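The values are calculated or read from the model by the stated rules, or taken from the named source; none is laboratory data. No experiment lies behind these values; they were computed from the predicted model shown. Positions of Cβ are generated from backbone atoms using ideal geometry, with glycine treated the same way; all protein chains shown enter the neighbour counts.
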Amino acid sequence: MNLIQYYREQFLELVSQFEPNWEEEPFFKFGYRWNAMTSNLYKEFFQISQMKGEHMYLMYAIELPEIYKNTNIVEVVKNVSSSYELSMYMFSNKILLSSCVSIENLQQTTLGFLNQARGEIIDLVFSAIQLPPNG
């Protein structure tokens, strides 16, 4: 078993016990990826990836509905400090917030990373303020 398979097995074992709502994408080409629906509005992703010759990465992401474009979420994300690499992607009908860590810097289990990254991102989402209509 190689390292990426080890982390996949660890994640599968942990989520089967604590968060069974995660579903693995069977045809993901860049490692392993799981999806979970938090509610009708939010979709979560967890990914273990490794490109040839690169370090392995863990990534947690949440898809936010378009209504978050009417908040100050961009400024909130820009000004946050995190031990992870945070990214935000704007699409026409959604926003994707992601948190990523190299396996070299991982200091907990895969589920530990997911929960810490989720907590940081949820804090950002809930600290975003609705902007006035012309703001």
How about region 75-129: which of its residues are touching a residue at least 60 places away in the same chain (Cβ under 8 Å), more than 17 Å from residue 41 (Cα to Cα) and not hydroxyl-bearing (Ser, Thr, Tyr)?
103, 111, 114
Cβ contacts < 7 Å: first residue farther than 25 Å from residue 65 by Cα and free of Cβ contacts under 8 Å to residues at least 24 places away in the same chain, restricted to region 16-40; second residue exposed (fewer than 13 other Cβ atoms within 10 Å of the Cβ) and not basic (Lys, Arg), any location; separation 6+ or different chain. Result?
30/51
All-but-one check, residue 15 against (1) β-branched (Val, Ile, Thr); (2) crowded, with 17+ Cβ neighbours inside 10 Å; (3) out of contact with any helix residue (DSSP H, G or I) (no Cβ under 7 Å at 6 or more places or on another chain), failing number (3)
Taking region 106-118 and keeping residues surrounded by 13 or more Cβ atoms within 10 Å (Cβ to Cβ) and in contact with a Leu (Cβ under 9 Å, 6 or more places away or on another chain) leaves 106, 109, 110, 111, 113, 114, 117
Answer yes if at least one residue in region 109-123 is modelled with pLDDT under 95, assigned to a loop (DSSP other than H, G, I, E, B) and over 24 Å from residue 14 (Cα atoms), and no otherwise.
no
Checking residue 37 against (1) surrounded by 17 or more Cβ atoms within 10 Å (Cβ to Cβ); (2) closer than 15 Å to residue 118 by Cα; (3) out of contact with any helix residue (DSSP H, G or I) (no Cβ under 6 Å at 6 or more places or on another chain); (4) not polar (S, T, N, Q), the condition it does not meet:
(1)
Does any residue of region 61-75 turn out to be farther than 28 Å from residue 132 by Cα and touching an Asp or Glu at 6+ places or on another chain (Cβ under 9 Å)?
no
Filtered residue count, region 49-105, keeping only those that are among the hydroxyl-bearing types (Ser, Thr, Tyr), surrounded by 16 or more Cβ atoms within 10 Å (Cβ to Cβ) and part of a strand (DSSP E or B):
6
Of the residues in region 18-34 that are surrounded by fewer than 17 Cβ atoms within 10 Å (Cβ to Cβ) and of a type in the set (A, V, I, L, M, F, W, C), the one that is nearest to residue 102 (Cα to Cα) is 30
